[in-house]
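Scroll down for the structure; my scribbles are underneath it.
The values are calculated or read from the model by the stated rules, or taken from the named source; none is laboratory data. Note that this is a predicted model, so its numbers are computed, not measured. As a convention, Cβ positions derive from the backbone with ideal geometry for all residues, glycine included, and neighbour counts pool all protein chains shown. These accessible areas exclude ligands, DNA and RNA; they are computed on the full protein's heavy atoms, side chains included. Shrake-Rupley method; radii C 1.70, N 1.55, O 1.52, S 1.80 Å.
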Amino acid sequence: MASLPNIDPALFAVPAAARLQAPAFAAHALHAPRILLLYGSVRERSYSRLLSEEAARLLRALGADTRTFDPRGLPMPDDAPDTHPKVQELRQLAQWAEGMVWTSPERHGAMTGIMKSQIDWIPLADGALRPTQGKTLALMQVSGGSQSFNAVNQLRVLGRWMRMLTIPNQSSVAKAFMEFDEAGRMKPSSYYDRVVDVMEELVKFTLLTRGVSPYLTDRYSERRESAEALSKRVNQRVL
């Protein structure tokens, strides 16, 4: 370590392949993957909700346990205390989940405010807990016109900001009003096949990473910060 004088050798750790293997298949990780689905519209016939519901059906068929948050009644960020019942419901679901699916309409070239508000209400840290860090994420969007990727691209940036493991695949459904029947079920199409691909990939990534998420997100800078905080607390003068 002589060539790295800025490094604290006691806190520097070489990644170990063994730490990435057995824990993922330990008995505590054999329950069904827990997936939370968020969607970005409260319209009566919301295509982001219909797409999210279709995704939930696929996830359950793939062996996952799913829960969906209904954004109706969720206040705007900073317009209510975080003790608001809908905020608490959302945060509890975020804690419960091991992975998420975010589905937004594209409106004026961007995700909707309803979608962003849900993400804004989920804190990066809640005491000692980080509700989203290391959890998997799949992204989808619906458009009223031609296919676009503006919303999923923005959501991908947010996923990184929330320290999530966003899977490579994604879904963008163009002219969504043509892709669902009167009962709200998605019609057979290449768009539907892509949704299957995305959900299958999400479950695989969740199974692969959930048992080792704490190790994957263990960082040198945070170990150093924690060590310094501990040292200050132990060595502080008695008042």
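Observations on the model:
- Residues in the stretch 77-98 that are within 18 Å of SER213 (Cβ to Cβ) and either without any contact (Cβ under 8 Å) to a residue 40 or more places away in the chain or in contact with a Pro (Cβ under 6 Å, 6 or more places away or on another chain) (or both): ALA94, GLN95, GLU98.
- Tally, over the stretch 179-221, of residues that are more than 24 Å from the chain's Cα centre (by Cα) and assigned to a strand (DSSP E or B): 1
- Among the residues of the stretch 159-181, the ones that are open to solvent by less than 20 Å² (accessible area, probe 1.4 Å) and either over 20 Å from TYR47 (Cβ atoms) or of a type in the set (A, V, I, L, M) (or both) come to 7 in all.
- Selection from the stretch 141-178 of residues that are polar (S, T, N, Q) and not in a helix (DSSP H, G or I): GLN141, SER143, SER146, GLN147, SER148, THR166, ASN169, GLN170, SER171, SER172
- In the stretch 108-119, the residues that are touching a residue at least 60 places away in the same chain (Cβ under 8 Å) and outside any helix (DSSP H, G or I) form Cβ pairs under 7 Å with partners that are open to solvent by 10 Å² or more (accessible area, probe 1.4 Å) and not hydrophobic (A, V, I, L, M, F, W, C), at six or more places apart or across chains, as follows: MET111/GLN154; THR112/PRO105.
- Residues in the stretch 37-76 that are basic (Lys, Arg) and closer than 29 Å to LEU208 by Cα: ARG49, ARG57, ARG60, ARG67.
- Exactly one residue out of GLY145, GLY134 is small (Gly, Ala, Ser) and either more than 23 Å from THR217 (Cα to Cα) or open to solvent by 10 Å² or more (accessible area, probe 1.4 Å) (or both), and it is GLY145.
- Single residue of the stretch 148-158 satisfying the filter (within 12 Å of ILE119 (Cβ to Cβ) and in contact with a helix residue (DSSP H, G or I) (Cβ under 9 Å, 6 or more places away or on another chain)) that is surrounded by the most Cβ atoms within 10 Å (Cβ to Cβ): LEU155
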